[in-house]
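What follows is calculated from the coordinates using simple rules that are stated; it is not laboratory data. These figures come from a predicted structure and were not determined experimentally. Glycine gets a Cβ as well: all are built from the backbone with ideal geometry, and neighbour counts include every protein chain shown.
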Amino acid sequence: MDAPLLAVTNLKTYFYLSKGVLKAVDGVSLTINENEVFCLVGETGCGKSVTALSIMRLIFYPGKIVDGNILYKGMDILKLPESEMRKIRGKEIAMIFQSPMKSLNPVFNVGYQISEAPIVHFGLSHSDAWKQAVELIEKVRIPDPDLRAKSYPHVLSGGMKQRSMIAMMISCEPRLLIADEPTTALDVTVQAQIMDLLLDIRKKRSMSIMLITHNFGLVAETGDEVAVMYSGKVVESGSVKDVFKEPLHPYTQGLLRCIPVGFERKTEIDYIAGTLPSAIGPPLGCRFHPRCRYATEKCRGQEPQLISLGENHLVACHLHGG
Amino acid sequence: MKAMGVEETVPKEVERKSMFKLTKLKEFCLLLLHYKMSCIGLLVVIGITILATFAPIIAPKHFAKTDVPNKLQPPSLTYLFGTDVLGRDVFSRVVYGAQIALWVGLIVVLVQASIGITLGVMAGYFNGKLDKIISAFADIVWSFPPVVLALGIVMVLGPGITQVVIAIALTSWPTFTRVTRAKVQSMVNREFVLAARAVGESDLSIMLRYLLPNITSTNLVLATLTLPAAIISTTALSFLGFGAQPPTPDWGAMLSEGASQLVIAPWIATFPGIFIVITALGFNLLGDGLRDLLDPKLRV
Amino acid sequence: MEKPLLEVDELKKYFPVRRGPFTKPDYVKAVDDVNFYVNKGETLGLVGESGSGKTTVGLLILRLIDPTSGRIFFDGENFTEMPKKEMMKFRKRMSIVFQDPLASLNPRMRVKEMLKRPLVVHGIKNEEEITTRIIKILEMVRLGKEHLDRYPHELSGGQQQRVAVARAIILNPDLVVHDEPTSSLDVSVQAQILNLLLKLQRDLNLTYLFITHDLVMVRHVSDRVAVMYLGKIVEVAETDELFSNTMHPYTAALLSAAPIPRPEARDVKRFVISGEPPSPINPPLGCRFHPRCIYATERCRSQEPQLINLGENHLVACHRAEEIDISSYSRELWKIMTKA
C-alpha cells in the first residue's frame, strides 16, 4: 500500500491558561492518504479545529504542541524550523476556514489576494500571477472572472467569498487542503455548490481534503474516511461506509441516532444524556463514561486505547476490548 | 446571516490572546504593567478620598486661618507646603481642597449622568423623530463653550462653586448621551429585547429592566473617566474667577491666587497644581483598568 | 370544519432602504403577499434560506414589527391593527423562541426573574401562585431549582434554551413560534431540545410554527410544510406529500442540497441549481426563481405564478408544475430519510 500523505501520531496540543491546562488535543492519531476525502467529525470543543491548526503549526501562546509527530510525505513537520514550515504552508498544505468574511482582507481586491501565494512560493511575476488568479476565479465557477478579480471582498456574497478563499488556497496546487467547517455559515443550496466544487477540484488535481465538520450528512455524502473525536481524542475511525453501517463506539452510535432521520414523524428521537465535558478537567478513565449507557467499572478507571477491529476500522472502547 | 452550530476555531478562552505571537515574557510584562497602572490609580483615588474625608484631622491648620507675619514662607516643618499671601498654610488648604474637588467632581458626574443617560436611552430606544431631536440638542449643547454659560450664570447669580458646577454639568452631559444611545441602539433589536416585547413588557419596563442594567458597566467606566475632566474643568473655571470665592480652598482658585506670586513664592500654585494632575491621572488610570476588566466579560 | 388558529392573508412587509437624502428609497420586499394558515394542534414548518423572509414572518405574527399591509387572524380575530392595550390578551396566547439562546435572555436577569416577568406583566401578582407556576414549568423543561438563581452566562447552551422555552410556555399559550430553535446548539443537545418541544406540544396541546432551514428537522416535526423563496411562498403541502411528490423546482433543489447522514444518499441523483439567492431589494420580474431555474420559459420571466391547489391540499406557485416531473429527485431521498 502507498505510504500515507499525512500521518499524525499521538498529537497533543495543550493550552496553558490561568484556570488550568486545557488539553484540547490529547493523543490524536490519524492517517490521510493521497486523493482521499478525510472527515474529522465531532461537536464543539472536541478539538477538531485545534488538530487542524496543529497540523498547520498555527498554534500560538498560550497553546503548545507538547507531544506527537506529524509526518507529511514521510517528513516530521513538527521538527521543521519555521522558515521551512512556511514553505509548506500554502504550497503543500492549505487551509480554508469557516467564516470567509473574516478570512479575506478587506483592503485588497480578490485578484491580488489570490496572486499572493504563487508570487511568494513560485516567484511568479505580478502579471503572470494575476493571469493565473483570473483563471482560478473561473475554475471556482465565479462568473465574470475578469471583473471579479478587481472586486473587493465586501461586494461579494458569502458563497463567492468562500469560492475566492478556495481559489486562494489552491493557487499553489497543494496536496492537502484542510477545510474547517467551510460551509457552516452558508445557505444550504450554496453549501451543496461549494461541496460539489471542492470534490470536483479534488478529482481534477488529485488533492486530498481534510474536512472538519459537525454535520454527519456532509460526511456521509462526501467522505471516504472518517474519524470521530470526543474531548480531545479520536474515539472511532474508519471508512465512511463501515462507520455508518456499523458504528462501534457508543458516542458515534448516539450521535448518529440523534439526527431525526429514520424516525417516525413527531416521535422522540434518541439523544445522548448529559453535556460535553470541560477540556480542563475531563473525566478520568474513558472520557465518555459519564454519558454512556454501557459504562462499567473498567470504563471509569481506565482509558481505552484505539485498537483495530479489522479492515481499518478503529475504535477506543472497552466494550470492544480497547 | 444565519448561524448554525458555530464552533470557535480555538477554545474561547484563548481566542484573543493566542492570535498575537507574544512570547510568554512579553505578555507577562504587559499584564503586570497594566495592572500596576490601574493599581496606582486605585491607590491615588483612595488616597485623595482619605484626604478629603479626614481633612479636619489631617490638616494641621484650618484653611482660613491666617498668619500674616509668616506670609509667603517657603515649605518648612510647620508649614509643609509653605504659606500664601495671607500666611495661610498651603498644605492644609490643599487637603481641604481635596474635599471640594471630589465633591464637585461627583456632583458634576451625577448630574451629567442623569441627564445624559436618560436622554440617551430615550434616543436609542425610540429612534425616529425623538432620536433626531435629542441628538441635535446634544450636539448643540456639546458645542457650547462652558465658559460662556458660566459667564452668563455668574452675571445673574454671582460667582460661586455651585454656579461652576451647574455650568460644567449642563454643557458636558452629551458624552453620556452619545455612549448610551449607541449602546442602546445595539441592544434594542437583540433577541432578549424582542422577547421582552413579545411577552408584553411596556416600553418603560424594557428601558428600566432590560436596557439600563446592561449599560451600567459602560457608564461606570465613563463616569470614572469623566470625573477627572469635571475636576479639571471646574478648576479651570475657578481659576478664571467664576467659582470658589476666598477663602474657599478650591484648587483652581489657589492656582489663580498663586499665579501672581509665581516668581517669589512658586509653592502656592505648584502644590495645588500637582494635586490636580495626580487626582486626574489617578481617576484616568483607574477608569482604564476598569474598562479592560469589565469590557470583555460583559459583552452584551 | 374548525377554523384555523392562525391565518395570514396577503401579508406584506417592505423595509425602506435610503440610498441618499434626495433619492426615493428602495424597498427590501422581505415578505411579499404571503398567505397561509395553521390549524390548532398542528405544526407548520416554514422553510427557506437567507432572504426568504421566514424570520420576518415570525416577527410579524408576534407583531414585533408591523406589517406594511395584509391581515393576521388569531383564533378568528383580526389583530393586525389592534391597539397595544387590546393586544395584551393576545400576547399571552402566543410566544416565540429564538435561535440564539444566549442572546434571547437578559444577561442581567436571573432565571427566576425572567420566568416571573411574563406572569407579573399579565397580572399574576400573588407570590405563592408565581412560585408554584415557576416550579411546575421548571419540571416540564427538566431544569432544577438550583438553576433559578443563575444568570444566563452561567448555564450551558441547552439549559439556556430550556429557560427560553420555559419562558415561552409559562403563560399557557396556544401558539408558539420557533425561529430556528436548535441551530445554535450541538447535535447531541439539539436532540434533547427537539424531544422536549415535541413532548410539550403533546402535553400542552400547543400549536407550532416551526421556522428553519434544516429540512431533515422540518420533516420530523411538521405536519405541513411551506417553502419560502424571496418573500413568497412557493409550495405548501402535508409533509410526506411535499417530500415525496415535490412539484416546485426550488423545493426539489432544497431537498437535494440537504446533506443526509446515510451513505446510500450519495448515489441518488441530485437536482443542483446554480447561482445564489438574490437580494430581496429588486427581486426578478415574473417568477422570482426563474434566473436559477433550468425549466424557465418566457412566461416564467414575465408573469408571476400564483399559488394553485394541485390536488390534496398541495399548493404550488409554478407555471410548469404540471408538466415537469421533479419529484423523482426528492422521492428517493425521502425514502432514505424515512427508512429506519
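Summary of computed values
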{"read-out": "Interatomic Cα distance distribution for the range C:105-172, bins of 5 angstrom, percent", "value": "3, 19, 34, 26, 14, 4, 0"}
{"read-out": "Rounded to the nearest 20 debye, dipole of the protein assembly as shown from Cβ charges on Lys, Arg, Asp, Glu", "value": "1740 debye"}
{"read-out": "Whole-Hz couplings from phi, Karplus 6.51/-1.76/1.60, listed for the range A:175-185; x for Gly and Pro", "value": "7, 10, 10, 9, 10, 8, 6, x, 10, 4, 8"}
{"read-out": "Taking A:S231, A:S103 and counting other C-beta atoms within 10 Å, the order from fewest to most", "value": "A:S103, A:S231"}
{"read-out": "DSSP beta bridges in the protein assembly as shown [antiparallel fraction, %, rounded to 5]", "value": "60 percent"}
{"read-out": "For A:178-189, mean number of other protein chain Cβ atoms within 10 Å", "value": "6"}
{"read-out": "Positive minus negative residues near B:V85 (Lys, Arg vs Asp, Glu; Cβ under 13 Å)", "value": "-1"}
{"read-out": "Cα-based Kirkwood hydrodynamic radius, chain B, one decimal, Å", "value": "22.0 Å"}
{"read-out": "Segments B:278-286, B:251-259, B:123-131 sorted - mean Cβ within 10 Å per residue, highest first", "value": "B:251-259, B:278-286, B:123-131"}
{"read-out": "Whole-angstrom gap from the range C:229-287 to the range C:100-134, using each part's C-alpha centre", "value": "40 Å"}
{"read-out": "Paramagnetic reach from B:W142 in the range B:171-212 [backbone N under 11 Å; point 7 Å along Cα→Cβ]", "value": "B:173-182"}
{"read-out": "20 °C / 1.002 mPa s Stokes-Einstein diffusion coefficient of the range A:167-322, Kirkwood radius on C-alpha pairs, µm²/s", "value": "123 µm²/s"}
{"read-out": "Hydrodynamic radius (Kirkwood) for the range B:100-251, which is based on Cα pairs only, to one decimal in Å", "value": "16.5 Å"}
{"read-out": "Normalised contact order of the range A:80-214, rounded percent, pairs of Cα under 8 Å and 6 or more residues apart", "value": "33 percent"}
{"read-out": "Within chain C, helix-based [θ] at 222 nm, where runs of 4 or more DSSP H residues each add -39,500 (n - 2.57), nearest 500", "value": "-9500 deg cm²/dmol"}
{"read-out": "Spatially proximal lysines relative to C:K136 (Cα-Cα < 27 Å; intrachain offsets below 8 disregarded)", "value": "A:K266, C:K40, C:K89, C:K92, C:K112, C:K116, C:K125, C:K145, C:K199"}
{"read-out": "Per-selection metrics, chain C (Cα): Rg and Dmax in Å", "value": "21.1, 68"}
{"read-out": "Of the trypsin sites (Lys or Arg not before Pro) in the range C:1-92, those whose Cβ has at most 13 other Cβ within 10 Å and which sit in DSSP loop", "value": "C:R18, C:R19"}
{"read-out": "B:S217, C:S256 arranged by Cβ crowding within 10 Å, fewest neighbours leading", "value": "B:S217, C:S256"}
{"read-out": "Separation of alpha-carbon centers, the range B:217-263 and the range A:62-93, rounded to whole Å", "value": "61 Å"}
{"read-out": "Degrees between helix A:110-122 axis and first principal axis of chain A (Cα, 0 to 90, nearest 10)", "value": "80 degrees"}
{"read-out": "Given 14 as the ceiling on other Cβ atoms within 10 Å, longest exposed-site-free region of chain A for chymotrypsin sites (Phe, Trp or Tyr not before Pro) in DSSP loops", "value": "A:109-293"}
{"read-out": "Number of partner chain Cβ atoms within 10 Å, mean per residue of A:264-276", "value": "6"}
{"read-out": "Relative exposure of C:S69, A:S115, judged by other C-beta atoms within 10 Å (fewest first)", "value": "C:S69, A:S115"}
{"read-out": "Rg(Cα)/(2.2 N^0.38 Å) for the range B:37-150, N = residue count", "value": "1.62"}
{"read-out": "Under 5 Å, built H, 5+ apart or other chain: amide partners of A:V66", "value": "A:K12, A:T13, A:Y14"}
{"read-out": "Volume of the Cα convex hull of the range A:173-262, divided per residue and given in Å³", "value": "118 Å³"}
{"read-out": "Residue-averaged beta-carbon neighbours from other chains (10 angstrom radius) around C:175-187", "value": "4"}
{"read-out": "Kirkwood-based Rg to Rh ratio, the range C:110-233, C-alpha trace", "value": "1.00"}
{"read-out": "Normalised per residue, the volume of the convex hull around the Cα set of the range C:288-340 (Å³)", "value": "101 Å³"}
{"read-out": "Candidates B:V154, B:V193, B:V90: whichever shows maximal mean-square fluctuation once chain B is modelled as a Gaussian network with Cα springs under 10 Å", "value": "B:V193"}
{"read-out": "Isotropically averaged projected area of the range B:234-298, using the convex hull of Cα atoms (one quarter of hull area), nm²", "value": "5.4 nm²"}
{"read-out": "Förster radius 22 Å - calculated FRET efficiency between C:R301 and C:D26 (Cβ-Cβ, nearest 0.05)", "value": "0.50"}
{"read-out": "Using a Förster distance of 60 Å, the FRET efficiency for B:L72-B:T216 (Cβ separation, nearest 0.05)", "value": "0.75"}
{"read-out": "Residue (of C:H147, C:I170, C:P107) at the positive-pole extreme of the range C:105-172, dipole from beta-carbon charges", "value": "C:P107"}
{"read-out": "Residue-by-residue Karplus 3J(HN,Hα) for the range A:237-247, coefficients 6.51, -1.76, 1.60, Hz, glycine and proline x", "value": "8, x, 6, 4, 4, 5, 5, 6, 6, 9, x"}
{"read-out": "Sparsely packed chymotrypsin sites (Phe, Trp or Tyr not before Pro) within the range C:282-329, loop by DSSP, other Cβ within 10 Å at most 16", "value": "C:Y295"}
{"read-out": "Gain upon complete extension [C:S328, C:E238; 0.36 nm per residue less C-alpha separation]", "value": "30.6 nm"}
{"read-out": "Amide proton proximity set for A:I96, modelled H, under 5 Å, gap of 5+", "value": "A:I178, A:A179, A:D180"}
{"read-out": "Per-pair calculated FRET efficiency, R0 = 60 Å: B:K65 and A:K19 via Cβ, rounded to 0.05", "value": "0.55"}
{"read-out": "Scattering curve values for the protein assembly as shown, log₁₀ I(q)/I(0), Debye with Cα scatterers, q = 0.05, 0.07 Å⁻¹", "value": "-0.40, -0.74"}
{"read-out": "Choice from B:D250, B:D84, B:D203 with maximal GNM fluctuation in chain B (Cα, 10 Å cutoff)", "value": "B:D203"}
{"read-out": "Nearest-20 debye value, the range C:105-172 charge dipole, Cβ charges on Lys, Arg, Asp, Glu", "value": "160 debye"}
{"read-out": "Karplus (6.51, -1.76, 1.60) ³J(HN,Hα), θ = phi - 60°, over the range B:219-236, in Hz, Gly and Pro reported as x", "value": "6, 4, 4, 4, 4, 5, 8, 8, 4, x, 4, 5, 4, 5, 4, 5, 5, 4"}
{"read-out": "Coil-residue trypsin sites (Lys or Arg not before Pro) of the range C:225-322, DSSP, other Cβ within 10 Å capped at 16", "value": "C:K269"}
{"read-out": "Computed helical MRE - 222 nm, chain B, DSSP H runs ≥ 4 contributing -39500 (n - 2.57), nearest 500", "value": "-23000 deg cm²/dmol"}
{"read-out": "Projected-area mean, chain A, by convex hull of Cα positions, square nanometres", "value": "18.2 nm²"}
{"read-out": "With Cα atoms, 0 to 90° folded angle of helix A:126-139 axis to chain A main axis", "value": "50 degrees"}
{"read-out": "Potential extension, B:I274-B:M37 segment - 0.36 nm per residue separation minus Cα distance", "value": "83.5 nm"}
{"read-out": "Binned Cα-Cα distance frequencies in the range A:3-162 - 10 Å width, integer %", "value": "9, 30, 31, 24, 6, 0"}
